[in-house]
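The values are calculated or read from the model by the stated rules, or taken from the named source; none is laboratory data. Being a predicted model, the structure only gives us computed values, none of them experimental. Reconstructed Cβ throughout: ideal geometry from the backbone, glycine too, with neighbour counts over all protein chains shown. These accessible areas exclude ligands, DNA and RNA; they are computed on the full protein's heavy atoms, side chains included. Shrake-Rupley method; radii C 1.70, N 1.55, O 1.52, S 1.80 Å.
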Amino acid sequence: MNLILLGPPGAGKGTQAKMLQNAHGFVQLSTGDMLRAAVKAGTEVGKLAKDIMDRGDLVPDEVVVSIIDERIDQADCAGGFILDGFPRNTGQAEALDALLDKKGMKLDRVIEMKVDDDALVERITGRFSCKDCGEGFHDIYKPTQKDGVCDGCGSTNLVRRSDDNEETVRSRLQTYHRETEPLLPYYQDKGILKQVDGMASMEEVARQIEAALAA
Ligand code: AMP
């Protein structure tokens, strides 16, 4: 099954994608993660993307479309994939339709995770993760048991994303409302859109997503 998790930054797309990956073997394809890896590696794409990402703007469509185009061709995607953070505007959605068509593939579901903006700012500005094992934490909702030490692996290498500050988060939310929300009627018209309550607990959101996949 091939699906899109659609929702504003901080809606929990990454968390749910990882749960779906564990439960079903679908591969999580996060353009944000891929771009951050490119920035870290200092590639041409990374150099181009860094300032844009720090402002909370969108990286040019052709860059993300070609990243996804190549990634979907890899063998592990044959059993299904979850697009997390892509597409983010109608140009990307149309390009995705065209490239899936070309590959003889299709989208089965688009899941919208609904969350309100103020809750998102609190969620995002408080989050941090372990650079060594990837475990995610939050200042209020999921602090580490010992200050400055990862519960998972004991590392003290805890990091925050440079775009997780309030100013950039507000700008990323505006970008979401302006550019990405028009995708909801786009997928509604195709009859593959389902909605879940992104404000519910992680387990409840997962349950609603499973129901949406089974429907
Ligand atoms: P995310 O991790 O999904 O919140 O993405 C972090 C940042 O990467 C975004 O604010 C954008 O600057 C960039 N980005 C990620 N995915 C896309 C995309 N599909 N199109 C354009 N820019 C993207």
Please verify whether the range 83-102 includes one or more residues that are away from the ligand (no atom under 16 Å from the Cβ), touching a helix residue (DSSP H, G or I) at 6+ places or on another chain (Cβ under 8 Å) and assigned to a helix (DSSP H, G or I). no
(1) open to solvent by 50 Å² or more (accessible area, probe 1.4 Å); (2) over 30 Å from Asp189 (Cβ atoms); (3) among the hydrophobic types (A, V, I, L, M, F, W, C); (4) touching a helix residue (DSSP H, G or I) at 6+ places or on another chain (Cβ under 8 Å): which one isn't true of Met105, the others all being true? (2)
Go through the residues of the range 80-93 one by one and say whether even a single one is touching a Gly at 6+ places or on another chain (Cβ under 9 Å), in contact (Cβ under 8 Å) with a residue 60 or more places away in the chain and exposed (fewer than 14 other Cβ atoms within 10 Å of the Cβ). no
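Just to be sure, is Ile72 in contact with a Phe, Trp or Tyr (Cβ under 7 Å, 6 or more places away or on another chain) and more than 10 Å from the ligand (Cβ to nearest atom)?
Details: in contact with a Phe, Trp or Tyr (Cβ under 7 Å, 6 or more places away or on another chain): yes; more than 10 Å from the ligand (Cβ to nearest atom): yes.
Yes.
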From the option list Val121, Val65, single residue qualifying as more than 11 Å from the ligand (Cβ to nearest atom) and open to solvent by less than 30 Å² (accessible area, probe 1.4 Å) is Val121
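Inside the range 189-215, can you point out the residues that are open to solvent by 50 Å² or more (accessible area, probe 1.4 Å) and within 30 Å of Arg55 (Cβ to Cβ)? Break it down into steps so the answer makes sense when it comes.
Start the filter on the range 189-215 by keeping residues that are open to solvent by 50 Å² or more (accessible area, probe 1.4 Å), which leaves 189-191, 194-195, 197, 199, 201-204, 207, 210-211, 214-215.
The answer is Gln195, Met199, Met202.
What residue, among those in the range 46-56 that are surrounded by fewer than 20 Cβ atoms within 10 Å (Cβ to Cβ) and more than 15 Å from the chain's Cα centre (by Cα), is nearest to the ligand (Cβ to nearest atom)?
Here is the first cut: in the range 46-56, the residues surrounded by fewer than 20 Cβ atoms within 10 Å (Cβ to Cβ) are 46-48, 50-52, 54-56.
Restricting the remaining residues to those that are more than 15 Å from the chain's Cα centre (by Cα) gives 46-48, 50-52, 54-55.
Numbers: Gly46: 11, Lys47: 14, Leu48: 11, Lys50: 10, Asp51: 10, Ile52: 5, Asp54: 8, Arg55: 8 Å.
That would be Ile52.
Being at pLDDT 95 or above and either at positive phi or not in a strand (DSSP E or B) (or both) is the requirement here; does Ala17 meet it?
It is true that Ala17 is at pLDDT 95 or above and either at positive phi or not in a strand (DSSP E or B) (or both).
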